Amino acid sequence: MVVDRPLATLVHLRHGTTHDVPDCWFGVYGSTITRAISEVRPLFASRQHRREARM
């Protein structure tokens, strides 16, 4: 689903999880999550939603 792609990307970026976690949650293969993250991440970056370094 379209809504799941940003959510999977946010989970991956925010929690630093491997792609296995969203795979399990959304019931899809790892390649699907990898593709979703690679498509959505530039959209977040273009809107100034960049991940800040943690200290």
SASA check, VAL21, accessible area w/ 1.4 Å probe, all protein chains in place, rounded to nearest 10 Å², comes out at 50
Here the gain from full extension of THR18 to ALA45, 0.36 nm per residue of separation minus their alpha-carbon distance, amounts to 7.7 nm
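The values are calculated or read from the model by the stated rules, or taken from the named source; none is laboratory data. A quick note: this is a predicted structure, and the numbers were derived from the prediction, not measured. With ligands, DNA and RNA removed, areas are computed over all heavy atoms of the protein, side chains included. Shrake-Rupley method; radii C 1.70, N 1.55, O 1.52, S 1.80 Å.
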